[in-house]
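Worksheet: one structure, shown below.
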Amino acid sequence: MQAGLSAEYSSDYATYQDGTSDCGATPVMMPQERLDTGDGSLYYMGRPAAFTNLTRPHSMTLPTIHSISPLEIEAESFRIIEAELGPTAFTPEQFAVVRRCIHATGDFSFAETLRFHPLAIQAGLRAIRSGKNILADVTMAASGISKSLLARCGGRVICRVADEETAERAADGMMTRSEAAVELAAGENIGIAVIGNAPTALLKVMELIRRGVFNPDLVIGVPVGFVNAAESKEILASKPYPFITALGRKGGTPVAVAAVNALLRLAVA
């Protein structure tokens, strides 16, 4: 150990002379090091420790929190996204979807991975404005979709993954609940099928379309994960019918919900 350093064990956070303290992961018993500078000050070295009379290292500076009204937060976020992203090849309507997906995830890579069928936006807006329903693969997606905007056009959000009938169908058919939920909801005037969680649900949507028993105007397929997620989205990107997808492993319910809500805002604008 270096001269001037001593080891201690502590499960507490450091408290500094200025009244602030460190916070972070759940504290655990870890060896702590402190540096005695000889002037009575102790400097924290390593994980937070319960020292008394600590002073904050001079190199540490806290970020500045800017004052902004709640109504301006989204607009400012969009401004930052547009500034950092720069010019794109997306149409204005496609960019509205891309921007909201980035806003929901903080991930600019979606500007590179999102793919739109040429008629995707047109098909989605037509479905919404004609009062058709939106199928969501999981309850989290159903909760995030703006039901108030959809209701203005006469549509509802349909999600049957938690239904008892879905569980029974899944068990009888040796399939996932997500697959069974898609089958049960296929006849409920679905205009947009939104899949952000389960690759099996996206595969089932494409299977039902191929069999001619499901005909949504638009498929938004952005499941996340490592097993069949990237593969199912690559298959969707090859289809002749309208779709929005995100190539690769990334995606998820927040992306799916963001894409739908972007379309809803375009539809009622």
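Quick note: the coordinates plus some simple rules give every number you see, no bench work behind them. Computed from a predicted structure; not experimentally measured. Cβ placement follows ideal geometry from the backbone for every residue including glycine, while neighbour counts extend to all protein chains displayed.
On a full-extension model of 0.36 nm per residue, what is the gain between V227 and I65, subtracting their alpha-carbon distance, rounded to one decimal in nm?
Details: separation 162, 0.36 × 162 = 58.32 nm, distance 4.03 nm.
54.3 nm is the gain from fully extending V227 to I65.
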For segment 227-236, in order, what is each residue's ³J(HN,Hα) by Karplus, 6.51 cos²θ - 1.76 cosθ + 1.60 with θ = phi - 60°, in whole Hz (x at glycine and Pro)? 10, 6, 6, 4, 5, 5, 6, 5, 5, 4
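Considering Cα pairs under 8 angstrom that are at least six residues apart, work out the relative contact order of segment 70-268 and quote it in whole percent. Show your work: numbers first, answer last.
Numbers: 358 pairs, mean separation 51.4, N = 199.
That works out to 26 percent.
With a cut-off of at most 12 other beta carbons within 10 Å, and DSSP calling the residue loop, which chymotrypsin sites (Phe, Trp or Tyr not before Pro) in segment 191-266 qualify? Please list them. Let's see the in-between values first.
Details: sites: F214, F226, F243; in loops: F214, F226.
Those satisfying the criteria are F226.
Consider all pairwise Cα distances in segment 115-269 and report the whole-number % of them above 22 Å. Each step should come with its number before you reach the end.
Values: 3785 of 11935 pairs.
Within segment 115-269, distances greater than 22 Å cover 32 percent of Cα pairs.
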Flagged links, alpha-carbon separation over 23 Å, of K204/K239; K147/K233; K132/K250; K147/K204: K147/K233; K132/K250; K147/K204
Evaluate the distance, in nm, between pseudo-label points positioned 7 Å from the Cα of L119 and of A151 along their respective Cα→Cβ axes. 3.2 nm
